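Data block below; observations after.
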Amino acid sequence: MTRAGRGNLREEQKRQTRAKLMASARALFAERGYAAVTIDDVAADVGCSRATFYLHFPGKLDILLALAQSGDTPSWLSFYEDLDHVLDGDSRDDFAGWVSRALDWFATNDELFRAWDEATALEPEFREIARAGIAALPDSMTRYLARWPDDRRDEARLRIELLVTQLERFFQRWDTLGTIDGSRELAVEVLTDVWHTALSAPDPTSHPAP
């Protein structure tokens with residue numbers, strides 16, 4: 001085998017090991033939660049050493065971040081870029097469709113969000129990462145923000161961040177924990193009623209009363 005061939009084989013082996021570590025971490029986080037899983041657990045599940053794990057990830061938090069950024073599913077950021085387009089049309093039906101897609105996304109990534117929440121509570125370093133991630137969502141909605149007066153842009157961003165928080169917490173209690181009753185159709189209907197109105201930008205032709 002040529003040197004180039006050996007190099008390609010090593011790179012492919014590294015890629016496969018990294019993929020196995022990420023798949024194992026995702027499954028273990030889903031089963032036990034972030035706090036209960038150790039680096040040794042992930043390495044043992046894959047059948048490699050702790051040293052091999054560290055060749056791919058500096059620590060447990062880093063593998064969680066890699067999972068969140070893996071691109072296996074549409075990113076949360078892409079959903080808010082989509083929402084920016086949806087709000088442009090001001091269609092209630094389109095907004096309801098967006099809410100439905102968001103619930104599907106949570107269902108696909110539920111275990112990752114639970115691990116994310118635990119890491120936010122346990123890892124001080126991760127709180128800044130989580131905060132930056134949430135702040136990036138309204139920042140991605142440039143057309144929506146442009147419809148708000150300069151002196152109310154912070155309010156517009158806060159409305160988006162409240163939507164992010166409510167969707168996540170609602171899904172956790174409705175689907176994951178089962179402490180909120182209601183069909184999916186009802187959930188989409190009520191969330192649309194609340195947020196389609198709450199996200200309406202101010203009418204630029206209106207003026208505050210003197």
* Answer yes if at least one residue in the range 105-117 is over 18 Å from Trp195 (Cα atoms) and among the polar types (S, T, N, Q), and no otherwise. => yes
* To do: Only residues that are open to solvent by 40 Å² or more (accessible area, probe 1.4 Å) and not polar (S, T, N, Q): list them for the range 183-199, please.
  => Arg184, Glu185, Leu186, Glu189, Val190, Asp193, Val194
* Structure fact -> Residues of the range 71-84 being in contact (Cβ under 8 Å) with a residue 40 or more places away in the chain and either surrounded by fewer than 16 Cβ atoms within 10 Å (Cβ to Cβ) or more than 24 Å from Tyr34 (Cβ to Cβ) (or both), in sequence order, are Leu77, Tyr80, Glu81, Leu83, Asp84
* To do: Any residue in the range 22-51 that's of a type in the set (S, T, N, Q): show its pairings with residues that are part of a helix (DSSP H, G or I) at Cβ separation under 7 Å, as long as the two are six or more apart or on different chains.
  => Ser24/Val42; Ser24/Asp45; Ser24/Val46; Ser49/Ala43
* Identify the residue in the range 157-194 that is among the hydroxyl-bearing types (Ser, Thr, Tyr) and part of a helix (DSSP H, G or I) and, among all such residues, is farthest from the chain's Cα centre (by Cα). => Thr192
* Asked: Residues in the range 104-120: is at least one within 26 Å of Pro202 (Cβ to Cβ), touching a helix residue (DSSP H, G or I) at 6+ places or on another chain (Cβ under 9 Å), open to solvent by 20 Å² or more (accessible area, probe 1.4 Å) and among the acidic types (Asp, Glu)?
  -> no
* To do: Could you tell me whether Tyr34 is under 30 Å from Ala146 (Cβ atoms), modelled with pLDDT of 90 or more and surrounded by 15 or more Cβ atoms within 10 Å (Cβ to Cβ)?
  => no
* Considering every residue within the range 134-153, establish whether at least one is without any contact (Cβ under 8 Å) to a residue 60 or more places away in the chain and under 20 Å from Thr176 (Cβ atoms). => yes
* Return yes when Trp98 is open to solvent by less than 60 Å² (accessible area, probe 1.4 Å), out of contact with any Lys or Arg (no Cβ under 8 Å at 6 or more places or on another chain) and outside any helix (DSSP H, G or I) and no when it is not. => no
* Quick one: Glu12 ticks every box in (1) within 30 Å of Leu167 (Cα to Cα); (2) in a helix (DSSP H, G or I); (3) open to solvent by 40 Å² or more (accessible area, probe 1.4 Å); (4) modelled with pLDDT under 95 bar one, so which box is it? -> (1)
* Structure fact -> Counted residues in the range 131-156 being part of a helix (DSSP H, G or I) and farther than 18 Å from Ala68 by Cα come to 14
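The values are calculated or read from the model by the stated rules, or taken from the named source; none is laboratory data. This structure is a prediction, so every number in the text was calculated from the model and none was measured. Cβ: placed from backbone, ideal geometry, glycine included. Neighbour counts: every protein chain shown. For accessibility, only protein heavy atoms count, side chains too; no ligands or nucleic acids. Shrake-Rupley method; radii C 1.70, N 1.55, O 1.52, S 1.80 Å.
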